[in-house]
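Only one structure is covered here, and it is reproduced in the block below.
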């Protein structure tokens, strides 16, 4: 018997997450299962454990997208765009910090162009911007990245679909069962209500939780604006009372 | 964050909702596929070095959509026990075996994901009975709004498969077979192949847990 065998997580609310089949986002039509998910009533340690990355050697600028990409040697320029810090806490559904978990992010540059072989958008690449970051949350679950605000970009879905500015975020959490990939949007972005991917969420509150908030107090004068994005992973039942829930 | 009340008058925060990993997931999680220089250490598709205990194997497969077309922008994560049936959660590239790995299908050619690993040992189910050897797989891609979670089993473990409580929890015996990888031997290597079918004929069983 291992501790993991007694673990229990709050069930995932599949009506709160976007459904697999969301025809407004056209690519889901052929990529969504037609059969129901098979529900494991009693998950095993295969589901209730997961990787920890504290031994992974991160580079000094892995969470600093202003510094972690230079095309070629000897360049010392900074990326173009609005300097921002994206930060927040990873908490579980009971409000408990999720320490030492891997948070990864990726994004387009300030012009809305991804540094990816398959992105052919006419906005230019930025020679000083890669668009990838990673860090490990601290003891209290905090993480932060320094970057530039990504630009919106058009994509082929409807005739004139645009993605609002967004940063992709990947969080491990304590188990395979808590694994989560999502996107942070920016408070006040007028494209949010027009986005077919945002519309895969049924509940306006869900969109709200994916919206990073401008935090003037944590912004740095004459340097950067701060956007706060707290991430909630599935709650792990810990106490007697929680376990009765 | 959003809160929901619980029956006992407390509050529970709602889990952050998922959004698709999108077509450019590689920039963040599979840098070489995007064409971005690698950092000092990356999480990738080799779970086991030749020094690891157990039978060295490769796992390969394609991801196929409801039209029968290859999904060329899929990103796959694997999680499995070591040869002795124990998980090795502390990811450390200096160790011969890690329980976790990542792979991606490619834009060109066969478009196969693959993992270099060892055959996992048996892990107990929640009721203590042994499950058949298996590898947990999670599939992310453009058009997948929340990852699809499945398992890969082995076709040369017929006896263990027949008594695996998780396989047997799949009501349809026909559907159970969608999780069984086929053993191949080529160039002195042992390879197990499993295509993941997202929709339609032979649709892979996906789990929630």
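The values are calculated or read from the model by the stated rules, or taken from the named source; none is laboratory data. Owing to the predicted nature of the structure, the values given are computational and were not obtained by experimental measurement. Positions of Cβ are backbone-derived with ideal geometry, glycine not excepted, and every protein chain shown enters the neighbour counts.
The single condition among (1) free of Cβ contacts under 8 Å to residues at least 24 places away in the same chain; (2) more than 7 Å from chain B (Cβ to nearest Cβ); (3) part of a loop (DSSP other than H, G, I, E, B) that residue A:34 does not meet is (2).
Considering the stretch A:133-245, the qualifying strands (runs of 3 or more DSSP E), each wholly inside and each with 2 or more residues that are more than 23 Å from residue A:78 (Cα to Cα), run over A:153-155, A:161-163, A:166-171, A:180-186, A:211-214, A:231-233. Just to be sure before I move on: is residue B:75 within 29 Å of residue B:35 (Cβ to Cβ) and touching a helix residue (DSSP H, G or I) at 6+ places or on another chain (Cβ under 7 Å) in the structure I sent? Yes.
Matching residues to (1) more than 9 Å from chain A (Cβ to nearest Cβ); (2) in contact (Cβ under 8 Å) with a residue 12 or more places away in the chain; (3) out of contact with any helix residue (DSSP H, G or I) (no Cβ under 8 Å at 6 or more places or on another chain):
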{"residue": "B:39", "(1), (2), (3)": "no, no, no"}
{"residue": "B:51", "(1), (2), (3)": "yes, yes, yes"}
{"residue": "B:55", "(1), (2), (3)": "yes, yes, yes"}
{"residue": "B:66", "(1), (2), (3)": "no, yes, no"}
{"residue": "B:79", "(1), (2), (3)": "no, yes, no"}
{"residue": "B:96", "(1), (2), (3)": "yes, yes, yes"}
{"residue": "B:102", "(1), (2), (3)": "yes, yes, no"}
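All of B:94, B:72 fail the test of being farther than 21 Å from residue A:46 by Cβ and out of contact with any strand residue (DSSP E or B) (no Cβ under 9 Å at 6 or more places or on another chain), apart from B:94.
Rundown of residues vs (1) crowded, with 21+ Cβ neighbours inside 10 Å; (2) at the interface with chain B (Cβ under 7 Å from one of its Cβ atoms), yes/no style:
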{"residue": "A:21", "(1), (2)": "no, no"}
{"residue": "A:24", "(1), (2)": "no, no"}
{"residue": "A:27", "(1), (2)": "yes, yes"}
{"residue": "A:48", "(1), (2)": "yes, no"}
{"residue": "A:58", "(1), (2)": "no, no"}
{"residue": "A:64", "(1), (2)": "no, no"}
{"residue": "A:80", "(1), (2)": "no, no"}
{"residue": "A:102", "(1), (2)": "yes, no"}
{"residue": "A:109", "(1), (2)": "yes, no"}
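Where residues in the stretch B:168-188 are in contact with a strand residue (DSSP E or B) (Cβ under 6 Å, 6 or more places away or on another chain) and in a strand (DSSP E or B), which of them is nearest to residue B:73 (Cα to Cα)? Restricting to residues being in contact with a strand residue (DSSP E or B) (Cβ under 6 Å, 6 or more places away or on another chain) and in a strand (DSSP E or B), the top hit is B:181.
Is it true that some residue in the stretch B:179-187 is more than 8 Å from chain A (Cβ to nearest Cβ) and at pLDDT below 95? Checked the stretch B:179-187: at least one residue is more than 8 Å from chain A (Cβ to nearest Cβ) and at pLDDT below 95.
State whether the residues of the stretch B:115-136 include one that is within 15 Å of the chain's Cα centre (by Cα), within 7 Å of another protein chain (Cβ to nearest Cβ) and assigned to a loop (DSSP other than H, G, I, E, B). Checked against the condition, which is being within 15 Å of the chain's Cα centre (by Cα), within 7 Å of another protein chain (Cβ to nearest Cβ) and assigned to a loop (DSSP other than H, G, I, E, B), the stretch B:115-136 yields no hits at all.
Within this structure, residue B:105 passes the test of being touching a strand residue (DSSP E or B) at 6+ places or on another chain (Cβ under 9 Å), buried (at least 24 other Cβ atoms within 10 Å of the Cβ) and farther than 29 Å from residue A:41 by Cβ.
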